[in-house]
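The structure appears right after this line, and notes come after that.
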Amino acid sequence: MAYSIQDQYDDPVPPTDSWGRFLSMRFRERQYFYDNLNIPEQQIIWKELQRIEYFRDVFKNRKLSASDAMPLNALLEEARASWNTIAFERCEYELAKCLNIASEERNYHILRAVHARGGVISYDGKLIIANEKNAIDLENYDPDEPDYGYNGWLMAFADGKRGIDDPMCYGEFPHQKLSIRQLLYNKSETPLTRTENRDELKYFHLPANNMAWVEVNLTITTTL
């Protein structure tokens, strides 16, 4: 919706990585933001969107319980459509209440946008991916693998510094992430490797209690 005023809420700690910034902005701003990113940052966003679409497809026919008439995803879409219809039907009445009241200016602009939309949700926020397919790094990106969609987190510290960034990861301290596959199985470049520099401290977080990952981690840190 093309609101003509700014949002009321400002994030006190705005995200610094491209994916976090992408998620935090309105749908109408995402395409321009994406088009002006470099290729690695576009790849990150593209992969995350593919992951979301994959899981949406997996869950689209799941029901909350066996007695439900419709899948959970269909119930959500029905609720969204119902809300939008009710909001549209009430627009003229609510607009009249807001007219010429300074404190209601923001609501007035939002209601006008809802009214202009005509009670139909038509924009899904999907990106137009303009890059050639071979510009997207699809290596080790298999939905059938158990580590699909998982990232590891890294916070690295150096003596006298607030934090340091590892070039293998994306994002900036303290939000650096790296795919589990790269973190655990790319033995030549993974930041899990031991270092003789006693002035550095690294903290890693794996997002699940997967013993296979723990064993790989122990193997890497004790042998490299």
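Points to keep in mind about this one:
- For first residues located in the range 49-70 and at negative phi, partners that are at pLDDT 85 or above and lie 6+ apart or on another chain with Cβ distances below 7 Å form the pairs K60/P71; N61/P71; R62/P71; K63/P71.
- Filtered residues of the range 51-107 (kept if within 30 Å of the chain's Cα centre (by Cα), among the small types (G, A, S) and in a loop (DSSP other than H, G, I, E, B)): S65
- On inspection, F22 does not qualify as more than 30 Å from Y170 (Cβ to Cβ), among the aromatic types (F, W, Y) and surrounded by 11 or more Cβ atoms within 10 Å (Cβ to Cβ).
- When R28 is tested against (1) closer than 30 Å to Y108 by Cβ; (2) surrounded by 15 or more Cβ atoms within 10 Å (Cβ to Cβ); (3) under 20 Å from the mean Cα position of the chain (by Cα), exactly one condition is not met: (2).
- All positions within the range 148-167 that are assigned to a loop (DSSP other than H, G, I, E, B) and of a type in the set (G, A, S): G149, G160, G163
- Test result for Q42, surrounded by 11 or more Cβ atoms within 10 Å (Cβ to Cβ), assigned to a helix (DSSP H, G or I) and modelled with pLDDT of 85 or more: yes
- Selection within the range 168-215 - basic (K, R), farther than 22 Å from L23 by Cα and either in contact with an Asp or Glu (Cβ under 8 Å, 6 or more places away or on another chain) or part of a loop (DSSP other than H, G, I, E, B) (or both): R181, K187, R194, R198
- Taken together, the residues in the range 15-35 that are aliphatic (A, V, I, L, M) and in contact with a helix residue (DSSP H, G or I) (Cβ under 8 Å, 6 or more places away or on another chain) amount to 1.
- Set side by side, the residues N100, N151 differ, and just one is surrounded by 15 or more Cβ atoms within 10 Å (Cβ to Cβ), polar (S, T, N, Q) and at pLDDT 80 or above, which is N151.
The values are calculated or read from the model by the stated rules, or taken from the named source; none is laboratory data. As the structure is a prediction and not an experimental result, all values here were calculated from the model. With ideal geometry, Cβ positions are generated from the backbone for all residues, glycine too; neighbour counts draw on all protein chains shown.
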